[in-house]
Structure formats: structure tokens, C-alpha cells
Amino acid sequence: MIEGDLHMEKKRGFAVVSRFANAGLSLPQRATSHSAGYDFTAAEDFLLPTIWRMNFVRLFRLIRNEHPLTDEDYEMAEKVLKPYLVPTGIKAYMGPDEYLMLANRSSNPIKRGLVLPNGVGIIDADYYNNPSNEGEIFMALVNVGVRDVVLHKGDHIGQGIFMPFLTADGDHGNDRTRAGGFGSSD
């Protein structure tokens with residue numbers, strides 16, 4: 001399960017995905033000895049446009065002016081009001097009874113207007129080395145600030161915390177195996 005350069009006695013950790021093998025990325029680290037989270041950084045420069053310049057603002061105007069909304073109005077808004085997946089170039093390995101919880105940095109909403117639309121992300125143990133994207137971890141972010149935000153390679157964008165989980169008696173996880181990458185168990 002764990003790549004050749006990693007030893008089986010290792011319980012959990014990080015590796016760089018092959019598409020960023022020569023990009024000089026650093027593996028996530030904890031900032032202090034008492035930090036729970038491992039800091040994730042952007043693998044490359046990435047533009048996060050502000051939601052306020054997008055076409056979904058038209059939807060708000062229509063609602064405010066009590067105009068009837070069409071399916072086309074909703075579809076236009078849904079195309080632009082969505083999270084952007086910021087690549088980290090990192091994958092995580094862990095025990096089968098663990099997961100990596102992704103959380104926003106506390107400074108992101110205040111300083112940059114960046115939020116995780118789902119609150120937290122969950123990286124399952126079987127996401128590692130999946131055939132779809134090699135298990136690369138992405139931070140799903142939405143820019144609710146008034147200006148576009150350019151993340152630069154190496155900027156801190158989130159944190160990951162390894163966590164154990166419990167299962168119910170008789171639970172076998174539907175005996176399914178992961179078939180793909182991001183959101184594949186939907």
C-alpha cells in the first residue's frame with residue numbers, strides 16, 4: 001500500500017505526487033510542537049476570483065427586484081458560484097482506521113476572505129494512490145472577499161489533522177473499494 005521509498009513501519013505521513021515530483025514542494029509540517037494541524041501550501045500559483053464579480057450577482061438583483069427566476073438564471077449562478085480546487089501536490093498515507101481532516105487556516109477568512117464551503121474536508125485512507133489522481137489532496141476554497149486573491153506557490157492554505165474513527169458493530173464498509181479520486185464515493 002505504501003510506496004517503495006516509505007517503510008511499512010511508518011504509520012502515517014505525506015509524500016509528493018508524481019506530477020509535482022520535481023517542483024521542490026515541502027511536505028506538510030506542524031508549526032509548533034503543540035500544533036495539531038500540519039500546514040498545507042499551494043503547489044503552484046493559483047487565482048481565486050471573488051464571487052462578487054461573477055454572474056450569480058445577477059440572481060441576487062432579480063430576487064431583490066422580485067423578478068421570477070428561470071432555470072437558466074439558476075444554472076448560470078451555479079456555474080460560477082462553486083469552490084475552486086487548489087492543488088497541494090501532496091498525498092497522505094495512514095492506517096485503515098484513520099482519516100485526515102482538512103480545515104481552513106483561521107486567518108484565511110479574516111485576511112483573505114477564503115472559506116471552505118464544506119467546513120472541513122475528509123481524506124480517507126484508501127484515497128492514497130487511487131488511480132484517478134494518485135491521491136493528491138486539494139483544498140476546496142471560495143473567495144468571499146471583494147478582491148481576487150492570488151495564492152502563490154508555498155502560501156499556507158489550510159491544515160490537516162490525522163484522526164482515528166470508530167465503526168459500528170457489523171459494519172464492513174459495504175466491502176467496496178475506492179474506484180476514483182476526489183468525491184468518488186458519492
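Points worth noting:
- Scope the range 135-147; condition over 13 Å from residue 108 (Cα atoms) and modelled with pLDDT of 95 or more; matching residues: 135, 136, 137, 138
- Count of the range 38-61 residues, restricted to those that are outside any strand (DSSP E or B), of a type in the set (D, E, K, R) and surrounded by 11 or more Cβ atoms within 10 Å (Cβ to Cβ), is 4.
- In the range 20-45, residue nearest to the chain's Cα centre (by Cα) [restricted to those that are more than 15 Å from residue 152 (Cβ to Cβ) and aliphatic (A, V, I, L, M)]: 27
- Within the range 103-119, restricting attention to residues that are among the basic types (Lys, Arg) and farther than 16 Å from residue 137 by Cα, the residue that is surrounded by the fewest Cβ atoms within 10 Å (Cβ to Cβ) is 111.
- Annotation: residue 64 fulfils all but one of (1) surrounded by fewer than 17 Cβ atoms within 10 Å (Cβ to Cβ); (2) under 20 Å from the mean Cα position of the chain (by Cα); the unmet one is (2).
- Applying the set (1) of a type outside the set (Gly, Ala, Ser); (2) assigned to a helix (DSSP H, G or I); (3) surrounded by 12 or more Cβ atoms within 10 Å (Cβ to Cβ) to residue 72 leaves exactly one unmet item: (3).
- Qualifying residue in the range 89-103 (condition: farther than 30 Å from residue 11 by Cα and of a type outside the set (Ser, Thr, Tyr)): no
- Residue match in the range 91-114 (condition: more than 19 Å from residue 151 (Cβ to Cβ), at pLDDT below 85 and assigned to a loop (DSSP other than H, G, I, E, B)): no
- Each residue in the range 28-62 was checked for being of a type in the set (Val, Ile, Thr) and in contact with a strand residue (DSSP E or B) (Cβ under 7 Å, 6 or more places away or on another chain), and 3 pass.
The values are calculated or read from the model by the stated rules, or taken from the named source; none is laboratory data. In this text, all values refer to a predicted model and were calculated from it rather than measured experimentally. FYI the Cβ positions are ideal-geometry reconstructions off the backbone, even for glycines, and counts take in every protein chain you see.
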